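What follows draws every value from the coordinates through simple rules; no lab data is involved. All of these numbers come straight from a predicted model, not from anything done at the bench. FYI the Cβ positions are ideal-geometry reconstructions off the backbone, even for glycines, and counts take in every protein chain you see.
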Amino acid sequence: MVYPMLLRHLRYLLAVADHGGFTRAAEALHVSQPTLSQQIRQLEETLGVTLFDRTSRTVKPTDAGEAYIECARRVLVELEAGQRALHDVKDLSRGSLRLAMTPTFMAYLVGPLVRDFTARYPGIHLQIFELSMDDIEAGLADDSLDIAIAFTPVRSPDIECIPAFTETLGVMVGREHPLYESTAVLAPDDIAQLDFALLASDFITRLSVDEYFRQHGITPQVRIEVNSVSTLLEVVRHSPMATMLPEAIATEDRALRRLRVASEAPQRGAALLRRRNNYHSAAAVAFVEMVLEREMPSL
């Protein structure tokens with residue numbers, strides 16, 4: 001007997017694949033294991049292939065199953081995008097936007113952008129995520145994000161990059177540092193004498209900082225490393241440590257001051273990222289337009 005294929009079958013299929021077995025998948029789906037097994041059997045009978053190898057302790061997709069699961073994922077992503085398209089309101093009186101940024105942008109960019117966007121479109125529900133570059137690319141690929149602000153380049157050809165602005169990094173200190181009031185221009189040798197608190201090495205910003213030091217022959221005295229931008233800012237504000245972060249972060253209200261340096265400061269391109277060839281909601285399009293029309297990153 002051949003059964004009609006339903007959207008439910010695809011969701012069940014992906015649940016078994018993602019959880020590595022029927023028991024955990026059934027728990028996640030809130031259905032009984034016999035019901036789930038029956039539905040997968042129905043799908044296999046409809047397709048005429050075996051989708052899972054059930055002979056080992058862990059249920060694994062067959063070669064045919066792997067190929068079909070990949071297609072099923074794409075189908076569900078497109079269906080969910082279509083669902084959002086049906087609910088999209090072009091006059092922006094309501095809707096939603098799922099926005100992600102990398103951590104350093106959260107330190108100075110998210111506040112002004114959210115302020116301006118919500119003032120223009122108060123009916124739009126915002127979800128904001130602070131994510132690593134890897135997680136941003138994954139979120140755009142599986143349609144759990146609409147827009148992201150991050151660095152270029154990206155690895156996935158399925159992600160569209162819209163250049164937004166150029167970010168400049170600077171050496172900065174807090175009020176506890178003896179150079180807080182200084183107007184002197186620091187040479188590379190002077191920078192090498194500073195005690196630094198920096199982001200951990202897995203941050204993209206740290207890679208740019210390390211490259212700057214390398215290019216100018218600076219061996220920095222890194223006393224503290226942290227895995228949070230907000231923590232780093234607290235450390236610099238309350239200790240005689242220097243750091244290197246986007247220049248826009250160094251403001252008086254944050255009690256941070258950018259030091260003048262003789263060497264050219266490192267720059268990097270920032271872009272709006274979105275899934276290529278995907279439906280883009282009116283809210284997402286409006287957000288992109290707002291970012292591109294403003295002076296960045298002087299907010």
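How many angstrom separate the Cα center of the stretch 46-69 from the Cα center of the stretch 256-276?
Measuring centre to centre over Cα atoms gives 48 Å.
Among Ile40, Leu14, Gly95, whose Cα projects farthest towards the positive end of the dipole of the chain, with charges put on the beta-carbon of Lys, Arg (+1) and Asp, Glu (-1)?
Farthest towards the positive end: Ile40.
Shape of the stretch 213-276 from its Cα gyration tensor (a ≥ b ≥ c, root eigenvalues): rounded if a/c is under 1.5, otherwise prolate when a/b > b/c, or oblate? It would help to have the intermediate numbers written out before the result.
Details: a/c = 1.61, a/b = 1.22, b/c = 1.32.
Oblate is the answer for the stretch 213-276, as a/c is 1.5 or above yet b/c matches or exceeds a/b.
Between helix 7-19 and the chain, what is the angle of the helix's C-alpha long axis to the longest principal axis, kept within 0 to 90° and rounded to the nearest 10?
Approximately 60 degrees, to the nearest 10.
Let me know the shape class of the stretch 57-200, please: from the alpha-carbon gyration tensor, a ≥ b ≥ c as square roots of the eigenvalues, rounded when a/c is under 1.5, otherwise prolate if a/b is greater than b/c, or oblate.
Numbers: a/c = 3.30, a/b = 1.67, b/c = 1.97.
Oblate shape, in that a/c is at least 1.5 and b/c is the bigger or equal ratio.
Sorted from fewest to most neighbouring beta carbons within 10 Å, what does the list His9, His238 look like?
Details: His9 19, His238 12.
So the residues, fewest neighbours to most, are His238, His9.
Take the alpha carbon gyration tensor of the stretch 7-86, find the square roots of its eigenvalues, order them as a ≥ b ≥ c, and report rounded if a/c is under 1.5; if not, report prolate when a/b exceeds b/c, else oblate. Kindly include the intermediate steps, with their values, before the conclusion.
On the way: a/c = 1.88, a/b = 1.43, b/c = 1.32.
In terms of gyration-tensor shape, prolate.
Measure nothing but the geometry: give the 0 to 90° angle between the long axis through the Cα atoms of 33-47 and the longest principal axis through the Cα atoms of the chain, rounded to 10°.
80 degrees
Quick one: compute the contact order of the chain, relative version, from alpha carbon pairs under 8 angstrom and 6+ residues apart, as a percent.
Values: 469 pairs, mean separation 63.3, N = 299.
The normalised contact order for the chain reaches 21 percent.
For Glu78 and Thr118, what is the calculated FRET efficiency with R₀ set at 35 Å and r taken between the beta-carbons, to the nearest 0.05? Mind showing how you got there, number by number?
Working: r = 30 Å, r/R0 = 0.85.
Working from the Cβ atoms, E equals 0.75.
Could you compute the net charge surrounding Gly20? Neighbours are other residues with a C-beta less than 13 Å from the C-beta of Gly20; K and R count +1, D and E count -1. Numbers along the way, then the final one.
On the way: positive: Arg24, Arg54, Arg57, Lys60; negative: Asp18, Glu27, Asp53.
Around Gly20, the surrounding residues sum to +1.
What number, in nm² with one decimal, is the all-direction average of the projected area of the convex hull of the alpha-carbon atoms of the chain? All intermediate terms of the calculation are to be shown ahead of the outcome.
Working: hull surface 80.1 nm².
Approximately 20.0 nm², given one-decimal rounding.
Of all DSSP beta bridges located in the stretch 1-149, what percent are antiparallel, nearest 5? Let's see the in-between values first.
On the way: 2 of 12 bridges.
Within the stretch 1-149, antiparallel bridges account for around 15 percent of the total.
In nm, to one decimal, how far is the Asp195 label point from the Arg237 one, both placed 7 Å along Cα→Cβ?
2.0 nm
Mind ordering 173-185, 195-207, 95-107 by average Cβ neighbours within 10 Å, highest first?
Taking the mean over residues of other Cβ atoms within 10 Å, the ranking is 95-107, 195-207, 173-185.
Helix 204-215 versus the longest principal axis of the chain: what is the Cα-based angle in degrees, 0 to 90, to the nearest 10?
It works out to around 40 degrees.
Do me a favour and compute the ellipsoid semi-axes for the stretch 167-267 from its Cα gyration tensor, root of five times each eigenvalue, largest one first, whole Å. Write out the running numbers ahead of the final one.
Values: eigenvalues 60, 54, 32 Å².
Value: 17, 16, 13 Å, ordered largest first.
Would you mind listing how long the stretch 98-151 runs along its three principal axes, going by Cα atoms, in whole Å with the largest first?
Per principal axis, max minus min of the Cα coordinates gives 31, 23, 13 Å.
What FRET efficiency, computed as 1/(1 + (r/R0)^6) with R0 = 25 Å and r the Cβ-Cβ distance, is obtained for Arg11 and Ser132, rounded to the nearest 0.05? Please list the in-between numbers first.
Working: r = 28 Å, r/R0 = 1.11.
After rounding to 0.05, the efficiency reads 0.35.
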